[in-house]
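Worksheet for the structure shown next.
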Amino acid sequence: MKAMLMHKPGDVRLTELPTPEPAADEVLIAIKASGICTNDVRDYHGDCSYSYPRIGGHEYCGTIVKMGDAVNPKHFQVGQNVVSYIIEDCHECNLCKTGNENICLDHLESKVFHNPDGISGYCGFAEYITAKADDLIAYEEETDFTKMAFTEPLACCVNSINRCDIRFGQDVAVVGGGTMGLLHVMLLVRKGARVIVSEPLVERRELALKLGAYAAIDPMESDPVERVRELTRGQGADFVFNTCAHPKIAVQAIDMMAPCGTCMMFSSIHPRENIPVDVSALHTFQKTVTGAVSPTVRAYYEAVQLIDKGIIDPLPVLEGVFDYTDFQSAMDTACRPDTYKVVVKFGEW
Ligand SMILES: [Zn+2]
Ligand SMILES: [Zn+2]
């Protein structure tokens with residue numbers, strides 16, 4: 001099979017590798033589409049501490065082409081379109097036992113990040129991949145592979161929103177109108193929230209409004225914290241979702257909260273840096289600052305339902321689809337700061 005092997009930062013080559021064989025409890029998936037994540041872009045720039053060579057790509061979907069002997073044919077069959085849960089959760093630790101498998105510590109120790117004897121990475125930038133049957137979620141409808149490739153990023157946003165008890169009619173601010181910010185907007189509108197987006201690029205603000213946001217503010221033109229307060233009867237937002245990596249913007253996100261508000265640090269802070277927080281205000285006004293990272297299994301399942309049933313159409317935040325043989329153009333596009341999701345296509349469909 002062909003795989004996009006990153007030998008070192010900035011050096012990805014289309015490489016012939018042996019097609020993996022599924023173990024008894026695994027299936028072989030012919031990958032159809034694979035999204036490029038911000039994390040793949042960071043790997044490409046060497047802006048990470050992981051080992052190389054590496055094959056990126058964790059936002060993949062595809063079709064089952066081979067089954068291990070122990071896979072239950074009642075649940076999975078050859079020809080079925082599936083996505084796979086990508087966290088190497090141990091199923092045994094206290095986090096896994098309490099529905100927090102997305103932060104299972106085993107994952108951080110896995111070959112996804114460091115593999116001294118070979119290739120690290122999630123390996124979704126390849127023609128084939130093996131996956132454990134108990135990690136699979138099937139798509140039942142005739143859903144487009146491009147939409148299916150949004151499962152993992154949408155699931156990250158579902159997890160982020162599931163961690164908040166949002167009530168009808170509450171004010172919610174989304175900081176940043178990139179792919180993840182706008183996926184938040186789509187979900188929050190369906191949750192019955194009044195959504196305010198803070199985003200410097202005019203096209204992204206316009207798209208946010210088209211997707212149902214109540215207001216889209218330009219943080220370069222006026223103080224976004226003041227603007228959020230004005231738009232919320234002087235209260236601030238009940239929930240704030242920060243989708244920007246910049247430390248200074250994280251400070252703004254915290255300041256946007258209403259009394260009893262919650263600020264969700266959805267984005268990692270990159271470069272990693274501490275920020276000043278008015279802890280007294282957290283105390284006096286019972287505010288919460290928390291975080292969300294990868295999706296839980298449940299969030300993954302819910303993202304599949306949302307896309308498969310047509311409740312969420314992620315295509316407004318699709319930048320473009322590139323054939324895998326043109327991976328360099330796909331990566332170059334994903335590296336531009338103003339782009340939405342870039343999807344890499346495998347095979348004919
Ligand atoms: Zn991702
Ligand atoms: Zn675990």
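Each reported figure results from applying straightforward, stated rules to the coordinates on display, with no laboratory input. All of these numbers come straight from a predicted model, not from anything done at the bench. Cβ coordinates were reconstructed from backbone atoms using ideal geometry, including for glycine residues, and neighbour counts include every protein chain displayed.
Peptides 7-15, 48-56, 87-95 ranked from most to least packed by the mean count of surrounding Cβ atoms within 10 Å: 48-56, 87-95, 7-15.
Net charge dipole, the chain: roughly 740 debye, given to the nearest 20, about the Cα centre with Cβ charges of +1 for Lys and Arg and -1 for Asp and Glu. Ranked by the mean number of other Cβ atoms within 10 Å of their residues, highest first, the peptides 146-154, 275-283 fall in the order 146-154, 275-283. What you get for region 1-160, charging only the Cβ of Lys and Arg (+1) and of Asp and Glu (-1), is a dipole of about 340 debye around the Cα centre. Take the Cα of Thr284, step 7 Å toward its Cβ, do the same at Asp323, and the gap between the two points is 6.3 nm.
Of the residues Leu187, Pro224, Val277, the one whose Cα sits farthest toward the positive end of the charge dipole of region 164-291, with +1 on the Cβ of Lys and Arg and -1 on the Cβ of Asp and Glu, is Leu187. In whole percent, what relative contact order does the chain give with Cα contacts below 8 Å and a gap of six or more residues? Normalised by residue count, the contact order of the chain is 18 percent. Of all the options Cys335, Cys260, Cys156, the one that moves most in a Gaussian network model of the chain with Cα springs shorter than 10 angstrom is Cys260. Using the Cβ-Cβ distance between Glu21 and Leu315 with R0 = 45 Å, the FRET efficiency computed as 1/(1 + (r/R0)^6) comes to roughly 0.80.
Across the options Ile166, Gly124, Phe327, the greatest Cα extent toward the positive end of the charge dipole of the chain (unit charges at beta carbon of Lys, Arg, Asp, Glu) belongs to Ile166. Spin-label pair Gln305-Asp218: with each label point 7 Å from Cα along the Cα-Cβ axis, the two points sit 4.1 nm from one another.
Can you order the peptides 185-192, 103-110 by their average number of other Cβ atoms within 10 Å per residue, highest first? List each step's numbers first, then the result.
Numbers: 185-192: 19.8, 103-110: 15.2.
So the order, starting with the most tightly packed, is 185-192, 103-110.
Can you give the FRET efficiency to the nearest 0.05 for His45 and Cys90, using r as the Cβ-Cβ distance and R₀ = 45 Å? The formula returns an efficiency of 0.90 here.
With a threshold of 22 Å on the Cα-Cα distance, the over-threshold entries among Lys210/Lys341; Lys147/Lys341; Lys191/Lys309; Lys132/Lys191; Lys147/Lys248 are Lys132/Lys191; Lys147/Lys248. With 10 Å bins beginning at zero, the pair-distance distribution over Cα atoms of region 1-110 amounts to 13, 32, 39, 15, 1 %.
In terms of overall dimensions, the chain has a Cα radius of gyration and Dmax of 20.4, 62 angstrom. Counting Lys and Arg as +1 and Asp and Glu as -1 over every other residue whose Cβ lies under 15 Å from the Cβ of Val65, the net charge comes to -2. With the simple model of a label 7 Å out from the Cα in the direction of the Cβ, Glu348 to Asn100 spans 5.0 nm. If the label point is 7 Å along Cα→Cβ of Leu14, which residues in region 310-349 have backbone nitrogen under 20 Å from it? Within reach of a label on Leu14, which here means backbone N under 20 Å from a point 7 Å along Cα→Cβ, region 310-349 contributes 320-335, 342-349. Dipole magnitude for region 213-311: computed about the Cα centre from +1 point charges on Lys and Arg Cβ and -1 point charges on Asp and Glu Cβ, it is near 280 debye. In a DSSP loop and with at most 16 other Cβ atoms within 10 Å, the GluC sites (Glu not before Pro) in region 218-321 are Glu221, Glu273.
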